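These notes are about the structure you will find just below.
The values are calculated or read from the model by the stated rules, or taken from the named source; none is laboratory data. The structure presented is a predicted model; accordingly, all values stated were derived computationally and were not measured. Note that each Cβ is placed from the backbone with ideal geometry, even for glycine, and that neighbours are counted across all protein chains shown. Quick note on the areas: whole protein, heavy atoms, side chains included, nothing else; ligands and nucleic acids left out. Shrake-Rupley method; radii C 1.70, N 1.55, O 1.52, S 1.80 Å.
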Amino acid sequence: MKPHQILPLSIMATLSLTTTPFTAPPTTIKPLQSHQWRRLSLYSTPPSSSSPTDKNIEGITQHGSPQRPFIPPEKSPVVTKSRVGSGGPRFKRDPPRTTGDYNSQIFELSDGHRLGFDEYYVVGNEDMVVYLPNLAEGKDNPKSRSVSNFCHKTSKNFLVADWFGRGESTGKLMEATLSRWTNDTIDFLDAKTSKIKGGMDGKKAVLVGSGVGGWVAVLVTLKRPDLVRGIVGLSADPDFTEDLLWSKLPSEEKDAIMSEGFKEISWGGRNEVYPITSSLIEDGRDNLVLRGGPKSLKIDCPVRLIHSLDDEEVPYSVPLKLATCIDNDDVEVVFPKVGGHNLRDMTVRNSWIDPEMEQVPVSKFSTIQRALYTAIYQCLEATQPYDPEQLMW
């Protein structure tokens, strides 16, 4: 019979009477309970001891795949933390962020290492202040908290991260160098300021660098001027590995650093101990910035350098030399008489007190705080974007 031919009705009736109808075997279908649906969403078919196809032999099913352990519903894992800054898949969609502190976050670098960082996020704000720690401190210290307080009071975004090889960040100490810290800071700023409008010409953040953080701030600005809106140096010590450390270390300590690769060093009569490695010394020689003379550093953003006259480690000639090397007129150096290298001036002073006043007024900020807040404010205000047509002449 050809496909297009139709059987007569009599033959079709005979076939319908002689064909045995299919009858499904009797089964009892039990509805799934709510917790069973949850298991199905988390895993594959829930394990059953009565099913021969799911017989588990040393953790391997007959299908050759690992058998996932059964977890009671009340202990089922719920992933709430996503990888920040990695660009990888998110396990759970983050809710919209609100203004507030977001501490102990993780930023994943391209080579798999991670930076631990804290953040103060302000919805709708286009300003960013970033603190870069010194060689011996982590991201949580009095100076970083002081910068964070400024950002809280003025509603500015704030970031601070531990250096590679320090604190909550990963990495080996022997691989922690100026070049590494500079490149990590650039990657970090690229990711975290991508949605920040910033100041004039789209420059993103004011960098507040303490000690070696001031050196890194200069290196970042030279490499990526589009990321840096201003520099505030706190006891900044560019070129310290060569000028302040290596040139003054006794030969025994130099030999120990180069032969063993690491030694804890203190200088300046302070109790602070710094981990000095041979890689830090050698890499520092590739990143010296004070050798070119006047106007050798092409930096066009505002620069404020705060340096105590009581600094035990870094002489005040260093910020003066740095200011001379910067090819920019918007550079100021502030020399408070107090504070030392750590700028720990916690004493509140008043410039003048009326002897007839019953209640002595208390100054709101210390000398160092006032200088720091003024410096950050000036860097932000000097680079505020504006519309020339809206200026009032």
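Magnitude of the Cβ-charge dipole of region 255-335, K/R +1 and D/E -1, about the Cα centre, nearest 20 debye?
That gives a dipole near 240 debye.
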**Q.** Rounded accessible area of Tyr102 (nearest 10 Å², 1.4 Å probe)
**A.** 60
Q) With each pseudo-label sitting 7 Å past Cα toward Cβ, what's the Trp246-Thr98 distance in nm, one decimal? A) 5.3
Q: At a 1.4 Å probe radius, which order do Leu207, Leu288 fall into by accessible area, largest first?
A: Leu288, Leu207
Q: Using a 1.4 angstrom probe on the protein heavy atoms only, line up Glu108, Glu264, Glu168 by accessible area, largest first.
A: Glu264, Glu168, Glu108
Q) Using 7 Å Cα-to-Cβ label points, what is the Ser110/Lys298 separation (nm, one decimal)? A) 2.3
(Q) I need to check one value: relative contact order of region 136-278, counting alpha carbon pairs closer than 8 Å and at least 6 residues apart, in percent. (A) 17
Q: Take the cross-link list Lys139/Lys298; Lys156/Lys254; Lys203/Lys295 and give me the ones stretching past 32 Å between alpha-carbons.
A: Lys156/Lys254
Q: Note down the nm distance, to one decimal, between modelled labels 7 Å out along Cα→Cβ at Val338 and at Asn141.
A: 2.1
(Q) Could you put Glu175, Glu242 in order of accessible surface area, largest first, with the 1.4 Å probe and the full protein assembly present? (A) Glu175, Glu242
Q. If the chain between Ser179 and His152 were fully stretched, how many nm would it gain, using 0.36 nm times the residue separation less the Cα-Cα distance?
A. 6.6 nm
Q: Find the centroid of the Cα atoms in region 126-196 and in region 235-260, then give the distance between the two in whole Å.
A: 25
Q. Roughly how many Å² of His113 are accessible to a 1.4 Å probe, to the nearest 10?
A. 50
Q) So what are the three principal axis dimensions of region 145-274 from its Cα atoms, in whole Å, longest to shortest? A) 51, 27, 26
Q: Would you tell me the accessible area of Leu244, worked out with a 1.4 angstrom probe on the heavy atoms of the protein chains, in Å² to the nearest 10?
A: 20
Q: Could you give the size of the charge dipole of region 93-179 about its Cα centre, using +1 on the Cβ of each K and R and -1 on the Cβ of each D and E, expressed in debye and rounded to the nearest 20?
A: 180
